[in-house]
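Okay, so here's the structure we're looking at.
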Amino acid sequence: MGNKTQINGTSLSRRRFLGTAVLGLGAPFVVPASALGLNGTTAPSNRITLGCIGVGGMGMGNMNSFLRFDDVQVIAVCDVDQAHLNAAQNRVTQHYAAATESGSPSGCDAYEDFRDVIARDDIDALMIATPDHWHTIPVIMAVQKGMDVYCEKPLSLTIPEGRAMVNAVKRYGRILQTGTWRRSRTNCRFGCELVRNGRIGKLHTIKIGLPKGYQIRGGDFGGIQPPMPVPEGFNYDFWLGPAPWAPYTPGRCHFNFRWIMDYSEGYISDWGAHYFDVAQWGNGTDMTSPVSVQGKGVFPKEGLYDAAIEHHIEYTYANGVKMICSTDLLGAVRFEGTEGWVHVDTGPTGLETFPESLRHETIAPGEIHLYESADHHRNFIDCIKTRRETAAPAEVGHRSAALCHLGSIAVVLERPLKWDPEKECFPDDSEAQRLLARSMRSPWNLRAL
Amino acid sequence: MTLLRKSSPNAIMILTSALTALALMFGGCARGQVKTETKPPAPEGTLEQLIASLPTQNAEDNETFCRKTLALGPNAIQQLCDQLVEPGEGDDINVRYALHGLAEFVGAPDRETERKSFYESLAEALDKTESKLVRTFLIEQMQIAGGDEVVDSLAKLLDDNDLCEPATQALVAFATEKSTAAIRNALPNSSGANRVTLLCALGTLRDDQALAEITKSANSGDDAVRLAALYALSEIGDESSKDILADAAESISGFHRAEANHFYLTFAQRLAENGNVEEGLAICREVYSTRTDPDDTAFQCAALHVMSRVLGEDVLSELLETMTTDNEQVREQAMTIANSFSGNQVTRQFAEFYRTASPDLRAGLLRLLARRGDGKAMPLLFAGMDDSEKVVRLAAIESVSALAGGASINALLDALANEDKEEIEAAKAALTKIPGSDATADISAGIADKHPAIRTGAIEVLVARGARDQAKNIAIAGKDEDETVRLAALKALGALGNESAVSDLVDLLLTAKTTQEIKEAEKALNLSLERSEDTSAAEQPLLVALRSDCDVPVRCALLSALKYVGSNSALRATRRALGSDEPEVVDAAVRSLAEWQNASAMNVLKNLAANSSSQVHRVLAFRGYVRTIGLASDKDDMAKTTLYEEAIALATRPEDRKMVLGAMAETRNKESLAAVAKYLDDETLQDEAIVAALKISGSIALKNGAEVTAVLDRIQGLSDKESTLKEVDRIRQQIEEFEDYITVWEVAGPFREKGKEGPKGLYDVVFAPEKKEKVEWRKVSTDAPEKPWLLDFNKISRATHAAVYARTEVTSPKKQKARLEVGSDDGVKVWVNGKFVYGKNDARGFTPGDDKIAIELAEGENTIMIKVTQGGGDWDLGARIRATDGSRLSGVKYME
């Protein structure tokens, strides 16, 4: 592994440098105009330095989005899969090589262990796109270190993990953006604004349609899978991390991990994280959760994947709104009110309404205008600079992910469950309460706040 | 729902060696199982029969299974446990399902007796089982709902390198005195990874009885052990640990420094929670005051946060002091924490601090006070608007409306008279955001203010608010004594006006005092008319004004507006103006006619194009003439083609002919194709002729394959342009693939039914056309240039959860069998001559020829009716009639 630093090592502190360095008059060297940002580029001191942890599918996509920005410099990439790592490092190097003529920076280090990235003092922010079971630990370590974080959705694997992340972000005064990018989509924002401003009358039901089964990528991994030798260049034990040990088989890891309960929760959390997030937005319940949940589901009878393949979950909020999430409903999110409905993220324009004229409404000054962001990644960078809250901050990301976890528990227990959204506990059900948290495999431990 | 695969989220599986692991078949909760041969059925009511009945198919079956199994007593549970085998050693899938399901079942409230009995049996099994893999499975089940009855069995495993971890996690989940004691008792003899596990567990359980033993590890040379001990000590929060944690936070460097400092602050919080508030706060203050390096900003933020947790609102005075720091992130953290406190007392403290604060801080505090929403802070915000420092004034202007709402309107209107542009813009933005129609009316009242800047600003804010209902009030300002205000009012009417503003605008035009005002009034008049749904009411004021003794520029402006009215009277008045002695008036009339909004000016324009003495007017008129041909709604494409041909004959310049060819490209018939094709060999017009011919060909190819093919052949011989040849190929391919598709339909609907959703829900709902009830059928031609064979219902209605019916007539020369090829998005039902012949209840995308339906055509006219359902998204139909073998069916004619 090239360019690897030790987690106990030290490196030049960028923030220290920025805080103290003064360019003296008559300095004996020539500073290129680009370094000072005089040729239309951003001066290095004004760039946000970014480390990318988890650079497979979503991670590479996120990283590419950040590479678009002149005021961001990706200086570290990290993955337990050498193939991903090499591809990401090459991508960054080539990107900056192409820009070098205009004076942009170069140099991107590659790491296998995310702690080596967090150990660096010259990184302002992290992009974390590891599997769900690998979000909490790096997020908390990063914010303790003073880094801001863009973390893929669902933010957490469990509700206590999500709460721990929220607390850490709050305690350390950090900026966090959850990768629920529909918060930065005009159709979603406008649809939610229609609902919030009473254009469909009184909201009474939210319907979320999710796909059935799984979408398996990279091979035919249906049915019982044979154990296989771990491929060279893949640190499988690190990939498992805090999750229970299990023998390696290719269908377990990249992308397909989301169909296995040890690492995720199937479509309930894969797409659910997006749609629950939109539902919370339109319902005006970003900072809370439902007060009860009940569910049922169908699970596969054999094979590697064990998340529910069909489900029907009903949530009830304190404001009386019922939310149904089911594999038998039309896709995406539909808000139903006494005078019409709004279906977000569907149809050619991403928004269908009844009456149809709602789509052409304007939200007047003084009505409820929801947080405006046209680009989820850009919004994160802007918020790092302004210290303003992001479009999908930690509490919002946590509450949306919590809906996935509540739903998954309800599907397993198949009985009505009361939920206390303030204390985040099942008040009358100690068994359900135990299902809230998951143990972590030694030596990983959630040293919770 | 089945009992299958309810995976425990608590599942921990530690396997002893890779060799063992590779022997497994695996997956989820039943990781490692292989089915063997089927056995003969077991006798009714026995455990064997119950196990064989798995998986259960629903919740009721599940409960019945669990109750019956538990009723067989502890021996049955023992028997189940005895049947567990190591993964890969046999088939125990159903046994595992049963035990896992039972663990979840007995964990439900009000089943304590069953729970205890079940877990006592599991504990017995755990004690006697040797296989670590089986024991791990049993521990996982214990973690689900087990309690003190299994603690002794788990405690025995805490020195086992493979089982310590799952056993500890189960004991932590119980969190009883007994389970905590078990972990505590195991700690002294532990080492390595097991010790880390036990230390963390005792920290999580905050077990102060283990303090002495934990402390022994606080200086361990093993980083993992040391950090686990520090974590545990921090969570327990005993003051005796202070020096250890302080030393660690100070001395540990590198990666673990952040963690050590985190433990130190957690310790401070626990200390305070345990009653030693002063000591806890002292630690926070120490961290805040010593971690001043820019790298340590997060520690300072965390120290403030812990202080706020300990002190609540009482932290405020210290928090306010920290706001004076230069560190932006720390200041922001202090503000965020302060923002979480509510109440008048807190507001008073803010107000007191505000008086001595720096300008930047005053600005930040004003924004914070506005966010907190305490009305008591309003005086401070209003005072801030008069602050001597601009940064404070700006903050006050930007924030005051958030707190004061409509009550801030007068102050913000006053701010429009400020000298500083930035403040004026901020005031406008703030006024724009204040909610409600009352606010709009109050802002509109600013139009009567004595200060011109306020009058102007108020008008601009009304524009930004889209306040169309204030157009009358704005029109009054059009006669303001101040020219700036008058111009602002005219611009505003241009932005907001419609037909109801026309009278006022004509009046303002007639009374305009300067050339610029006339221009603005003309612009506003045109914009208002362009925005109008009905311009007929504008006719009278415009014509009356035109008959008045108005100046030439005003007359010209009125003529310009008449083109939107388009009535006979308007046309007569404009034609009369052509005879004016004033050249400007004649010019205005020609230009208005050239942009006439309907085809009524066509002949006047044709005449002007041929006979005007002015070259400019001839050109303008000719372009207007060609444009109005396209607007002639009473003429079909054939008639238009004839007119275009006349226009080409009339044109004297090549560019005018090119323009006509461009207009002809919008027609869709074989005659226009032939007309355009005449110019394919004309070198000066060839490029435009090719473009027009291709466009027409693309639209008519499916019905006029022979004519189009002939033109395409010619084009191919004339052009070597890649894009042209590509388009030729595309049209040829289209003819080949999609010839004979039905392109003319009659459509009825959409139809909806309450409570019926999605394409499948609507499939069997019988709507009026199926009942042969009278409905409105609208004739529709498929016209998408890219897919002329596709009937896109979304162009007719954007309805969702609906069904639509399309019908067409087909004439057959004889009675014959045929094949109807149909593609649809979503489901489809088909009737031929009133008889149902085919149905497909589906939520599918469109694929041409998805359904190939055998039908029989009668001699003469045949009616084909097709129902297409819709959930959401695309909504399409395409159909054609072929011979039974799929080849072309000659002699059949479609409706035109």
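Quick note: the coordinates plus some simple rules give every number you see, no bench work behind them. Because the structure is a prediction, the values reported are computed rather than measured. Quick reminder, even Gly has a Cβ in these numbers, built from the backbone with ideal geometry, and neighbours come from all protein chains shown.
Points worth noting:
- Based on C-alpha pairs under 8 angstrom that are at least 6 apart in sequence, the range B:98-213 has a relative contact order of 21 percent.
- Database remark: amide H of A:E310 closer than 5 angstrom to the amide H of A:G213, A:V298 (H placed geometrically; neighbours at sequence offset of 5 or more, or on other chains; Pro and chain starts carry no H).
- The calculated P(r) of the range A:119-193, using every Cα pair and 5 Å bins from 0, goes 3, 17, 25, 22, 15, 11, 6, 1, 1 in percent.
- Positive dipole terminus of chain B, leading residue within B:N327, B:G566, B:T724 (C-beta point charges): B:G566
- Site pair A:N90 and B:A193 shows an inter-label distance of 3.5 nm when each label is modelled 7 Å from Cα along Cα→Cβ.
- Per residue of A:166-178, other chain Cβ atoms within 10 Å of the residue Cβ number 5 on average.
- Placing +1 on the Cβ of every Lys and Arg and -1 on the Cβ of every Asp and Glu, with no other charges, gives the range A:319-436 a dipole of roughly 360 debye about its Cα centre.
- Angle between chain B longest axis and helix B:722-738 axis [Cα atoms, degrees, rounded to 10]: 80
- Peptide B:869-876 has a mean shielding of 3, counted as Cβ atoms of other protein chains within 10 Å of each residue's Cβ.
- In this rough spin-label picture, where each label sits 7 Å from Cα along the Cβ direction, the B:L725-A:K322 distance is 6.5 nm.
- Cα-Cα pairs of the protein assembly as shown separated by more than 55 Å (percent): 40
- Within the range A:303-449, the proportion of C-alpha pairs whose separation exceeds 26 Å stands at 48%.
- Entry note: chain B has Rg to Rh equal to 1.13, where both radii use alpha-carbon atoms and Rh is the Kirkwood radius.
- Taking each residue as 0.36 nm, the span from B:E425 to B:D469 lengthens on full extension beyond its C-alpha to C-alpha distance by 13.5 nm.
- Reduced Cα scattering model of the range B:546-695, Debye log10 I(q)/I(0), q = 0.12, 0.17, 0.20 Å⁻¹: -0.52, -0.90, -1.11
- Residue-averaged beta-carbon neighbours from other chains (10 angstrom radius) around A:299-305: 6
- Kirkwood Rh and Cα Rg combined as Rg/Rh, the range B:352-444: 0.96
- The Rg/Rh ratio for the range B:47-154, using Cα coordinates for both the radius of gyration and the Kirkwood hydrodynamic radius, is 0.93.
- Other-chain or far-sequence residues with amide H under 5 Å of B:V780's (modelled H): B:W745, B:E746, B:V747
- Listed pairs B:K772/B:K817; B:K635/B:K779; B:K390/B:K428; B:K771/B:K814; B:K472/B:K523; B:K779/B:K840 exceeding 20 Å between Cα atoms: B:K772/B:K817; B:K771/B:K814; B:K779/B:K840
- As a proxy for reagent exposure, ranking B:F846, A:F238 by other Cβ atoms within 10 Å from fewest up yields A:F238, B:F846.
- Database remark: amide H of A:T353 closer than 5 angstrom to the amide H of A:H343 (H placed geometrically; neighbours at sequence offset of 5 or more, or on other chains; Pro and chain starts carry no H).
- Lys, Arg +1 and Asp, Glu -1 on Cβ, resulting dipole of the range B:597-647 about Cα centre, debye, nearest 20: 260
- At full extension, B:R888 and B:D110 could sit 272.6 nm farther apart than now, given 0.36 nm per residue minus the alpha carbon distance.
- Computed over the range B:121-214, Kirkwood Rh from alpha-carbon pairs, angstrom: 12.9
- For the range A:273-278, 3J(HN,Hα) per residue [Karplus equation, 6.51 cos²θ - 1.76 cosθ + 1.60, θ = phi - 60°, Hz, x = Gly/Pro]: 4, 6, 6, 4, 5, 5
- Applying 1/(1 + (r/R0)^6) with r as the Cβ-Cβ distance of B:T511 and B:L631 and R0 = 45 angstrom yields a FRET efficiency of 0.85.
- FRET efficiency estimate (nearest 0.05) - Cβ-Cβ, B:D314 to B:N344, R0 22 angstrom: 0.90
- Degrees separating the helix A:186-196 axis from the principal Cα axis of chain A, which is the longest one: 40
- Dipole magnitude (debye, nearest 20) for the range B:624-706, charges at Cβ of Lys, Arg, Asp, Glu: 240
- Stokes-Einstein translational diffusion, the range B:563-650 - Kirkwood Rh over all Cα pairs, 0.692 mPa s, 37 °C, in µm²/s: 253
- Placing unit charges on the Cβ atoms of the charged side chains and taking the dipole of the protein assembly as shown about its Cα centre, the candidate lying farthest along the positive direction among B:T56, B:V676, B:I474 is B:V676.
- Cα extents for the range B:612-725 along the principal axes, largest to smallest and rounded to whole angstrom: 44, 32, 19.
- Along the axis of the charge dipole computed for the range B:110-208 (Cβ charges of +1 for Lys and Arg, -1 for Asp and Glu, origin at the Cα centre), the listed residues B:T197, B:A186, B:F118 are led at the positive end by B:T197.
- Of A:K145/A:K212; A:K296/B:K754; B:K754/B:K829, pairs whose Cα-Cα distance is over 29 Å: A:K145/A:K212
- Between B:D438 and A:Q215, the distance separating the two model label sites (each 7 Å from Cα on the Cα→Cβ line) works out to 5.0 nm.
- What the Kirkwood sum gives for the range B:235-324 is a hydrodynamic radius of 13.0 Å, with every pair of different alpha carbons counted.
- Phi angles of the range B:101-108 translate, via the Karplus equation with coefficients 6.51, -1.76, 1.60 and θ = phi - 60°, into HN-Hα couplings of x, 5, 4, 5, 5, 6, x, 5 Hz per residue; Gly and Pro are given as x.
- Note that the range B:200-215 has calculated 3J(HN,Hα) couplings of 4, 4, 5, x, 4, 7, 6, 8, 6, 5, 9, 3, 4, 5, 5, 4 Hz, one per residue in order, obtained from phi through the Karplus relation 6.51 cos²θ - 1.76 cosθ + 1.60 (θ = phi - 60°); glycine and proline are x.
- Protection proxy ranking for B:271-282, B:332-343, B:350-361, using the average of other Cβ atoms within 10 Å per residue and placing the highest first: B:332-343, B:271-282, B:350-361.
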